[in-house]
Amino acid sequence: MAISQAVRNPRSYLSRTLGMYRTLLTDPGTFYDEYVGTRGLRVEILLVLVVGAVGFVGNVYALLQVEELFAQIEVPLGPDVAFAMWGEVVAPLVGAVLLWVGLTTALYVVSWLYSAVGEYYVLLKWTAWALVPLAFANLIHSAAMAYAAFSLSASDVATSEIPRRPADRAAFVWDVVAGELAVLAAVVVGIAFAVWAGYIGAYAVRGVRDIETDEAYRVAAVPTVGYVLYVVYEVATTGL
């Protein structure tokens, strides 16, 4: 139905869609009251995959650039290394799904302190929309990865330090890009969007669990703080 509406009246459809996302990002309480139902996960699954795909694009470009660079300096990566590196490339896609499920589970479990009403399935549906701010974080990260990969030169690679084992070599090669200052800065900036996602998630758990707003903030703070601490740890250990 949405596709037919977009074809018949694209301007109206675009205006309504933009208004919906504006409400989500600025007034999530109203968004959940007016736009989100309780049936079906098709739209939410697609939404989460799009959030992940935004980060995936930058990683693919970085991989292609890195492979080209190592070919130029005549350091063969081999199929085993390339396969291991694809684990890093698809991380945003897989991570978006895991984050969706993890955030929903954390909100559901912690909110038992305040309420026993509400279904996990409904919270899963509502929590997907809380991940929308992470699309901006992934976009910034993709841009940083692309910039870092495009700026690479042979002098940036310490060939004498390249490990022999495929898994270690893959990690070393990927860190040539991922360890760049621009990428680490993008990860740090992403913390703000993670907090934004937690803010929206608070209204999701408030609506599904039927709890007070201040209680919902406390519930959402648990996974949000946990995620932020994890990101800070990753940046600190990568930057060393």
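The values are calculated or read from the model by the stated rules, or taken from the named source; none is laboratory data. None of the values given here were measured: they were computed from a predicted structure. Reconstructed Cβ throughout: ideal geometry from the backbone, glycine too, with neighbour counts over all protein chains shown. Ligands, DNA and RNA are excluded from the accessible area calculation, which covers all protein heavy atoms including side chains. Shrake-Rupley method; radii C 1.70, N 1.55, O 1.52, S 1.80 Å.
Can you figure out the FRET efficiency of Thr213 with Tyr233, using R₀ = 30 Å and their beta-carbon distance, to the nearest 0.05? For Thr213 and Tyr233, the calculated efficiency is 0.50.
Report the relative contact order of region 1-140, percent, no decimals, based on alpha-carbon pairs under 8 angstrom and at least 6 residues apart.
Over region 1-140, the number comes to 35 percent.
Relative to the longest principal axis of the Cα atoms of the chain, the long axis of helix 78-89 lies at roughly 30 degrees.
How much mean residue ellipticity at 222 nm does the chain get from its helices, if each DSSP H run of length 4 or more adds -39500 (n - 2.57) and you divide by all residues, to the nearest 500 deg cm²/dmol? Mind showing how you got there, number by number?
Numbers: 11 runs with 192 residues, N = 240.
Here the helix-only value at 222 nm equals -27000 deg cm²/dmol.
Probing with 1.4 Å while keeping every protein chain in the model, the per residue accessible area of the chain equals 54 Å². To the nearest ten degrees, helix 91-110 and the longest principal axis of the Cα atoms of the chain are 40 degrees apart. Measuring spread by the Cα atoms of the chain yields a radius of gyration and Dmax of 20.5, 62 Å.
With an 8 Å Cα cut-off and a minimum separation of 6 or more residues, compute the relative contact order for the chain in percent.
The normalised contact order for the chain reaches 26 percent.
Could you tell me the calculated FRET efficiency between Ile73 and Val43, based on Cβ-Cβ distance and R0 = 51 angstrom, to the nearest 0.05? According to the calculation, E is roughly 0.65.
Loop-located GluC sites (Glu not before Pro) in region 70-160 (DSSP state not H, G, I, E or B) with no more than 10 neighbouring Cβ atoms inside 10 Å: Glu74.
Net charge in the neighbourhood of Gly55 (other residues with Cβ under 15 Å of its Cβ; Lys, Arg +1, Asp, Glu -1) is -2. Once the Cα-Cα distance is subtracted from the 0.36 nm per residue extended length, the Thr26 to Ala167 segment shows a gain of 46.4 nm. For the pair Val90 and Ser153, the difference between a 0.36 nm per residue extended length and the Cα-Cα distance amounts to 20.2 nm.
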